[in-house]
Amino acid sequence: MGGYIRVIDFSAYSLGTENISEADLAALTKELMHSFTTSGFAYLKNTGISEEQVDAMYDVNDRFYDLPAEIKEKYARANDKNRERQGWACVERESSSCCHWLYHIDCQAKKFIHSFIHCHTYDIVSISFCLVSLSGLAGVIRPGDLKEYFGVKIPLTEDESWPYEVPEFEETCLNFYAACKGLTFRILELIARGLGIEVAGFLDMFKHMGTGPNGTNLRSLRYPPIPKVVKEDQLRCGEHTDLGCVTLLFQDRPGLEVSTGKDNFVSAPPIPGTVVVNIGDMLQWWTADKLVSTKHRVIIPETAEGQGQGRRSIAFFAHADSDVQLKCLDGSDKHKPMIVRDYVKMKLHTTYL
């Protein structure tokens, strides 16, 4: 990892801290902006989210994942490629590497582009952006990821529900969602300061997070022990960039790798008491590429011992509100303005198999 991904002490603005000096705000902003404009990643320590809270999330999700497949299937994520949804996804359900979309270009992409043009939802510029994004991940055609997950997307729709078989599941997830939301808003405030834009106006574009039209979602992931037979080029999670604004990631074992450019990656192992934070595509687009959304992946362990162990992580993917226009915050026209819900729809069409 070296110095590519910095460890930043967030104690001056941790959850529960109300009084922070302008000097501390400025110093923390400078550190975050350095990381977000270079590697796009950072570790934060002393955030106010405790190890006990993380362990409680792991516990309730372990109990859900240990249920029989036919029970978990009752809570399966709807096959909806237009917006984020609540629910479970089985192993190989998702391909984080968008190259899978390229692999199926004859049978899917032509229909995909045709529907965009004829429903007048997207123009050629938007479609071109999608293709350019995919080409940046090209090089390896990968099968579905060796992971299962449960995504929490609130408020729920009528066809979504909580797994009552694990009584504490809903309360634990909602409490953790609230903690992640609180930390994310503090990070977004510092980003606004770093960009030199009005803080209140920027945060207002996230006001529906967890309460209304906003795609923010909390996802627990379980990577099972590696099977004896692995498909060619398969990974636990293929190389990808996140589609939202900011991601918080908690992890219990090594495996995460972050790109340093071209085909080079560095390990980003778990550091006790920290959360990994990274920039997503939506915020890179919105900031006219000032902030960097960096490719990352979860590899298969090299040793037999490592392959026999599972891996767990929890990710909080923060989005701007669905009706917000992603118009470059610096006033430039580097990227064509897009509505968030259209942007999310475009990206999801490249993810689910």
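The values are calculated or read from the model by the stated rules, or taken from the named source; none is laboratory data. Keep in mind the model is a prediction, meaning the values are calculated, not measured. Note: ideal-geometry Cβ built from the backbone for every residue, glycine included; neighbour counts use all protein chains shown. Accessible surface areas use protein heavy atoms only, side chains included; no ligands, DNA or RNA. Shrake-Rupley method; radii C 1.70, N 1.55, O 1.52, S 1.80 Å.
Working only within region 27-70, note down all residues that are in contact with a His (Cβ under 8 Å, 6 or more places away or on another chain) and part of a loop (DSSP other than H, G, I, E, B). Outline the logic, then answer.
Pass one, region 27-70, residues in contact with a His (Cβ under 8 Å, 6 or more places away or on another chain): 41.
Within region 27-70, none qualify.
Looking at region 259-266, can you tell me whether even one residue there is closer than 21 Å to TYR4 by Cβ and touching a Cys at 6+ places or on another chain (Cβ under 8 Å)? Spell out how you get there, then give the answer.
Taking region 259-266 first, the residues closer than 21 Å to TYR4 by Cβ are 259-266.
When the remaining residues are screened for being touching a Cys at 6+ places or on another chain (Cβ under 8 Å), the result is none.
No, region 259-266 contains no residue that is closer than 21 Å to TYR4 by Cβ and touching a Cys at 6+ places or on another chain (Cβ under 8 Å).
Restricting to region 142-160, name every residue that is closer than 21 Å to TYR65 by Cα and β-branched (Val, Ile, Thr).
VAL152, ILE154
Out of the residues in region 9-33 that are open to solvent by 30 Å² or more (accessible area, probe 1.4 Å) and β-branched (Val, Ile, Thr), which is nearest to PRO269 (Cα to Cα)? Steps first, please.
Residues of region 9-33 open to solvent by 30 Å² or more (accessible area, probe 1.4 Å): 9, 11-12, 15-24, 26-27, 30-31.
Filter once more, keeping what is β-branched (Val, Ile, Thr): 17, 20.
On the way: THR17: 28, ILE20: 30 Å.
The qualifying residue nearest to PRO269 (Cα to Cα) is THR17.
Could you list, ordered by first residue, the pairs with Cβ atoms under 6 Å in which the first is in region 34-57 and open to solvent by 20 Å² or more (accessible area, probe 1.4 Å) and the second is at pLDDT below 95, at least 6 apart or interchain?
GLY48/GLY16
With GLY48, GLY3, GLY16 as the choices, which residue is within 18 Å of ALA179 (Cβ to Cβ) and at pLDDT below 95?
On the way: GLY48 fails: at pLDDT below 95; GLY3 fails: within 18 Å of ALA179 (Cβ to Cβ).
On inspection, the qualifying residue turns out to be GLY16.
Among the candidates ILE339, ILE314, which residue alone is in contact with a Ser or Thr (Cβ under 8 Å, 6 or more places away or on another chain) and crowded, with 18+ Cβ neighbours inside 10 Å? If you could, list the steps in order and put the result at the bottom.
On the way: ILE339 fails: crowded, with 18+ Cβ neighbours inside 10 Å.
Testing whether each residue is in contact with a Ser or Thr (Cβ under 8 Å, 6 or more places away or on another chain) and crowded, with 18+ Cβ neighbours inside 10 Å leaves just ILE314.
Report the residue count in region 193-222 for those that are in contact with a helix residue (DSSP H, G or I) (Cβ under 7 Å, 6 or more places away or on another chain), surrounded by 18 or more Cβ atoms within 10 Å (Cβ to Cβ) and over 27 Å from VAL91 (Cα atoms).
5
Taking GLU70 as meeting all but one of (1) more than 16 Å from the chain's Cα centre (by Cα); (2) surrounded by 12 or more Cβ atoms within 10 Å (Cβ to Cβ); (3) modelled with pLDDT of 50 or more, write down the number of the exception.
Here GLU70 clears every test but (2).
Being in a strand (DSSP E or B) and not aliphatic (A, V, I, L, M) is the filter here, so list the residues in region 320-332 that pass it. Reasoning before the result, please.
Taking region 320-332 first, the residues in a strand (DSSP E or B) are 321, 325-326.
Listed by number, the residues that qualify are ASP321, GLN325.
Give just the number: which of (1) assigned to a loop (DSSP other than H, G, I, E, B); (2) without any contact (Cβ under 8 Å) to a residue 12 or more places away in the chain; (3) not aliphatic (A, V, I, L, M) does HIS335 not satisfy?
HIS335 satisfies every listed condition except (2).
Quick test of your reading of the structure: GLU189 fulfils all but one of (1) touching a helix residue (DSSP H, G or I) at 6+ places or on another chain (Cβ under 6 Å); (2) touching a residue at least 24 places away in the same chain (Cβ under 8 Å). Name the failing condition by number.
(2)
If I go through region 302-326 residue by residue, how many of them are over 18 Å from ILE154 (Cβ atoms), in contact (Cβ under 8 Å) with a residue 12 or more places away in the chain and not small (Gly, Ala, Ser)?
Residues that pass the stated criteria total 7.
Quick check on my filter: what residues within region 252-281 are open to solvent by 30 Å² or more (accessible area, probe 1.4 Å) and touching a Pro at 6+ places or on another chain (Cβ under 8 Å)?
ASP252, ARG253, PRO254, SER267, PRO269, PRO270
Looking at ASN79, is it open to solvent by 60 Å² or more (accessible area, probe 1.4 Å), in a loop (DSSP other than H, G, I, E, B) and over 25 Å from ARG312 (Cα atoms)?
Values: open to solvent by 60 Å² or more (accessible area, probe 1.4 Å): yes; in a loop (DSSP other than H, G, I, E, B): yes; over 25 Å from ARG312 (Cα atoms): no.
It is false that ASN79 is open to solvent by 60 Å² or more (accessible area, probe 1.4 Å), in a loop (DSSP other than H, G, I, E, B) and over 25 Å from ARG312 (Cα atoms).
Given (1) modelled with pLDDT of 85 or more; (2) within 17 Å of the chain's Cα centre (by Cα), where does ARG83 come up short, assuming only one miss?
(1)
Anything in region 286-301 that is without any contact (Cβ under 8 Å) to a residue 60 or more places away in the chain and either closer than 17 Å to PRO254 by Cα or of a type outside the set (Asp, Glu) (or both)? List them, or say none.
Residues of region 286-301 that are without any contact (Cβ under 8 Å) to a residue 60 or more places away in the chain, as a first pass: 286, 288-289.
The answer is TRP286, ALA288.
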